[in-house]
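**Student:** Here it is, the structure, as structure tokens.
The values are calculated or read from the model by the stated rules, or taken from the named source; none is laboratory data. Predicted model only: the values in this text are computed from it and were never measured. Note: ideal-geometry Cβ built from the backbone for every residue, glycine included; neighbour counts use all protein chains shown. To get the accessible areas, we keep the full protein, side chains included, count just its heavy atoms, and leave off ligands, DNA and RNA. Shrake-Rupley method; radii C 1.70, N 1.55, O 1.52, S 1.80 Å.
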Amino acid sequence: MARRKKIYEGKAKILYEGPEPGTFIQYFKDDATAFNAQKKATFEGKGVLNNRLSEFFMQGLTNIGVPNHFIRRLNMREQLIRQVEIIPLEVIVRNFAAGSISKRLGMEEGTPLPRPIVEYSYKNDALGDPMVSEEYIVAFGWANQQDLDDIVSLALRVNDFLSGVFYGVGIKLVDFKIEVGRIWDGDFMRIIVADEISPDSCRLWDIKTGQKLDKDVFRRDLGSLTDAYTEVARRLGVLQAAGSATVTRLVH
Ligand code: TMP
């Protein structure tokens, strides 16, 4: 393939310029990081699985009318996406206590929350993605109140969709993170779901056994990350669609 211009390289993905204006190519790496990149490893095949899984979830969101950046998958590791202006926030939705909320409030992991809780971190690696309030977001101009209403409504729709999809395959969606960005149709601005949706950015527990099937397997040294993600893909029927022989060869 012709040399392409790299737009941005993050911890788990690379963005290249796309074939047409307003598009990017998103490449999924096998790298995993945790605790703001203090812990790093490479898992052969993770990028292939996350490319497929993110395609599956974004396509599902499109099918129920939730706008997102996904256009189409190009190959095992790359997808064509719409260029968005990323809002520098990690939008987190929690259904059950786990991770940082458990630590912050001393809540046992797995405690059901009274309702889905939406919270924000400011996307800034040097600062370790600190939690911020709506006051901070509006005061510093990252988004206005109308944008925040749209972001909360998007996040809750994604939550209902993902919770249902995972429930159908025996998995509890404990929490997840999305990123959102702006696109323009002329003067009309819309906020859409961007980045990725994959076991890198969700907490997924088997409903019966409680087994973790997400990046906590790596964060907490609980076993094979690739096996966990392969299990999620298998249950969702994503591996079959990928041609299981190819993916199985790549991830094992
Ligand atoms: P937390 O409990 O560590 O705040 O994480 C909440 C959710 O957000 C969890 O599903 C993991 C996800 N997440 C990311 O995807 N990226 C991040 O940088 C962090 C801190 C969390």
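**Student:** Please enumerate the residues belonging to region 13-22 that are among the small types (G, A, S) and farther than 15 Å from I86 by Cβ.
**Tutor:** Hit for region 13-22 is G18, nothing else.
**Student:** Since L204 meets every condition but one in (1) within 12 Å of V169 (Cα to Cα); (2) surrounded by fewer than 22 Cβ atoms within 10 Å (Cβ to Cβ), which condition does it not meet?
**Tutor:** That leaves (2) as the condition not met.
**Student:** Here's a follow-up. Just to be sure, is Q26 open to solvent by 70 Å² or more (accessible area, probe 1.4 Å) and not β-branched (V, I, T)?
**Tutor:** It is false that Q26 is open to solvent by 70 Å² or more (accessible area, probe 1.4 Å) and not β-branched (V, I, T).
**Student:** Shifting gears a bit: For region 1-16: of the residues being more than 15 Å from R77 (Cβ to Cβ) and at pLDDT 95 or above, which is surrounded by the fewest Cβ atoms within 10 Å (Cβ to Cβ)?
**Tutor:** Going through the qualifying residues, I end up with K5.
**Student:** OK, next. Of the residues that make up region 90-110, is at least one surrounded by fewer than 15 Cβ atoms within 10 Å (Cβ to Cβ) and either farther than 26 Å from V217 by Cα or touching a strand residue (DSSP E or B) at 6+ places or on another chain (Cβ under 7 Å) (or both)?
**Tutor:** Yes, some residue in region 90-110 is surrounded by fewer than 15 Cβ atoms within 10 Å (Cβ to Cβ) and either farther than 26 Å from V217 by Cα or touching a strand residue (DSSP E or B) at 6+ places or on another chain (Cβ under 7 Å) (or both).
**Student:** Further question: Scan region 12-40 residue by residue and report those that are within 16 Å of the ligand (Cβ to nearest atom), at negative phi and among the aliphatic types (A, V, I, L, M).
**Tutor:** Scanning region 12-40 gives A12, A32, A34.
**Student:** Still on this structure, I have one more. For the list (1) of a type outside the set (G, A, S); (2) within 13 Å of the ligand (Cβ to nearest atom); (3) within 18 Å of V84 (Cα to Cα), I need the number of the one condition that L173 fails.
**Tutor:** (3)
**Student:** Being in contact (Cβ under 8 Å) with a residue 24 or more places away in the chain, more than 16 Å from the ligand (Cβ to nearest atom) and in contact with a Lys or Arg (Cβ under 6 Å, 6 or more places away or on another chain) is true for just one of E90, E85, E78. Which residue is that?
**Tutor:** After applying the criteria, what remains is E85.
**Student:** Name the single residue that is most open to solvent (accessible area, probe 1.4 Å) among those in region 53-75 being polar (S, T, N, Q) and touching a residue at least 60 places away in the same chain (Cβ under 8 Å).
**Tutor:** For region 53-75, the residue satisfying everything is N68.
**Student:** Give region 93-125 a look and list any residue that's assigned to a helix (DSSP H, G or I), of a type in the set (A, V, I, L, M) and either more than 9 Å from the ligand (Cβ to nearest atom) or at pLDDT below 95 (or both), or say none.
**Tutor:** Across region 93-125, the qualifying residue is only L105.
**Student:** Quick check on my filter: what residues within region 126-145 are within 11 Å of the ligand (Cβ to nearest atom) and in contact (Cβ under 8 Å) with a residue 12 or more places away in the chain?
**Tutor:** Within region 126-145, G128, D129, M131 meet the criteria.
**Student:** A further question follows. If you go through region 110-125 one residue at a time, how many are in contact (Cβ under 8 Å) with a residue 24 or more places away in the chain and on the phi < 0 side of the Ramachandran plot?
**Tutor:** 10
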